[in-house]
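Heads up: the structure comes next, in structure tokens.
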Amino acid sequence: MQRLAYTALAALASAALTSAAALAATPTKPAIEIKAKNLGTVIATPAKLGIYYWDTEKKAGGKIKCTAACLKQWPPVYVNGMVDKHITGVMATFGTIKRGAKTQLTVNGLPAYTYIGDTANVVKCDGVEGWHAVRPH
């Protein structure tokens with residue numbers, strides 16, 4: 001009887017660990033499409049902040065170049081864990097890049113940022129100093 005109880009307990013523990021691992025590996029949905037008043041449809045965070053890429057990083061093949069003072073105006077879009085390459089309802093390709101100990105979202109192969117002056121559904125800096133709102137493709 002005691003052996004049966006240990007076997008059942010081991011099976012429950014194994015199932016719990018498997019479920020926890022599956023949840024930890026479940027990709028998050030880091031982006032949506034929104035209609036920005038001045039631009040039409042753009043890719044945004046779930047908080048409806050427009051997502052941007054920077055020409056400087058595009059020219060560098062997707063390598064991170066926005067550092068120090070740049071980050072004060074252009075906060076990276078960080079994610080926890082994996083992201084799906086394709087998200088239903090969002091026409092873009094997603095991935096990640098390491099930024100120190102954190103994981104930054106990439107959209108269409110480029111590091112993703114928000115602009116500190118934007119608010120939900122308001123995208124202010126498209127085309128400013130080499131920064132561009134990400135549009136669906």
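The values are calculated or read from the model by the stated rules, or taken from the named source; none is laboratory data. Just so you know, these numbers come straight off a predicted model, no measurement behind them. Cβ atoms come from the backbone with ideal geometry, glycine included; neighbour counts cover every protein chain shown. Just so you know, the surface numbers come from the protein's heavy atoms only, side chains and all, with ligands and any DNA or RNA stripped out. Shrake-Rupley method; radii C 1.70, N 1.55, O 1.52, S 1.80 Å.
Before moving on, here are some points about what is shown:
- Each residue in the range 99-113 was checked for being part of a loop (DSSP other than H, G, I, E, B) and open to solvent by 20 Å² or more (accessible area, probe 1.4 Å), and 4 of them qualify.
- Residue within the range 73-92 that is surrounded by 19 or more Cβ atoms within 10 Å (Cβ to Cβ) and of a type in the set (Gly, Ala, Ser) present: yes
- Residue in the range 41-60 that is at pLDDT below 95 and either open to solvent by 50 Å² or more (accessible area, probe 1.4 Å) or over 16 Å from residue 137 (Cα atoms) (or both) present: no
- Residue within the range 88-98 that is in contact with a Ser or Thr (Cβ under 8 Å, 6 or more places away or on another chain) and not in a strand (DSSP E or B) present: no
- Considering only residues in the range 59-84 that are aliphatic (A, V, I, L, M) and in contact with a helix residue (DSSP H, G or I) (Cβ under 7 Å, 6 or more places away or on another chain), the one that is nearest to residue 130 (Cα to Cα) turns out to be 64.
Okay, residues lined up against (1) of a type in the set (Val, Ile, Thr); (2) at pLDDT 95 or above; (3) touching a strand residue (DSSP E or B) at 6+ places or on another chain (Cβ under 9 Å):
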site: 81; (1), (2), (3): no, no, yes
site: 97; (1), (2), (3): yes, yes, yes
site: 102; (1), (2), (3): no, yes, yes
site: 107; (1), (2), (3): yes, yes, yes
site: 125; (1), (2), (3): no, yes, yes
site: 128; (1), (2), (3): yes, yes, no
site: 135; (1), (2), (3): no, yes, yes
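- If the condition is being in contact with a Phe, Trp or Tyr (Cβ under 7 Å, 6 or more places away or on another chain) and in contact (Cβ under 8 Å) with a residue 12 or more places away in the chain, then the range 75-96 contributes 75, 76, 77, 83, 84, 87.
- Number of the condition not met by residue 67 [criteria: (1) without any contact (Cβ under 8 Å) to a residue 60 or more places away in the chain; (2) open to solvent by less than 70 Å² (accessible area, probe 1.4 Å); (3) not in a strand (DSSP E or B)]: (2)
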